[in-house]
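We did not get these values from a lab; they are worked out from the coordinates using the rules stated. Since this is a predicted model, take the numbers as computed values, not measurements. Note that each Cβ is placed from the backbone with ideal geometry, even for glycine, and that neighbours are counted across all protein chains shown.
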Amino acid sequence: ASMGFAVPAAIAAALHDPARGALAMTGDGGLLMCLGELKTAAALGANLTVIVFNDAALSLIDIKRQQRQMPDLGLSWPAPDFAAIAGGFGFETWTARSEREMRQACSAAARSVGPRLIDARIDPAGYPDQLRSLRG
């Protein structure tokens, strides 16, 4: 339950070793918790790539809610346009809606320097099966 940690930690790593840079992979809920950190990364020119898995929900919490047959508690929302938000802060951005687009975005981000963000649009439909496979 470390939501909101990936981006600030990656900024610190990127500032510690600018030539190497850093990569943060986070869910949309985690990024929403620390969205202002994108402005910090841009202002400092951090050599950072953020990949946000944008499924428009707190999916793992929502799966638990569904398993307990509890009412919908507002754990989903319209998908934010993280690429537009990060772009407004000065990031180079990509939106990936398919595996092909994700590969292209990752390749482009790897060739770039400075603050970058990939808004990976994810379909959460397979999460329950994945969790059952992992946890038994």
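Points to keep in mind about this one:
- Of the helices (runs of 4 or more DSSP H) lying entirely inside the range 1-86, those carrying at least 2 residues that are touching a strand residue (DSSP E or B) at 6+ places or on another chain (Cβ under 6 Å) are 6-16, 28-33, 36-44.
- Considering the conditions (1) more than 26 Å from Arg135 (Cβ to Cβ); (2) surrounded by 15 or more Cβ atoms within 10 Å (Cβ to Cβ); (3) in contact (Cβ under 8 Å) with a residue 40 or more places away in the chain; (4) of a type outside the set (Lys, Arg), Cys34 is excluded by exactly one of them, (3).
- Of all residues in the range 86-100, those that are within 15 Å of Ser112 (Cβ to Cβ) have Cβ atoms under 8 Å from Cβ atoms of residues that are of a type in the set (Ser, Thr, Tyr), 6 or more apart or on another chain, in Ala86/Thr93; Gly87/Thr93; Glu92/Ser112.
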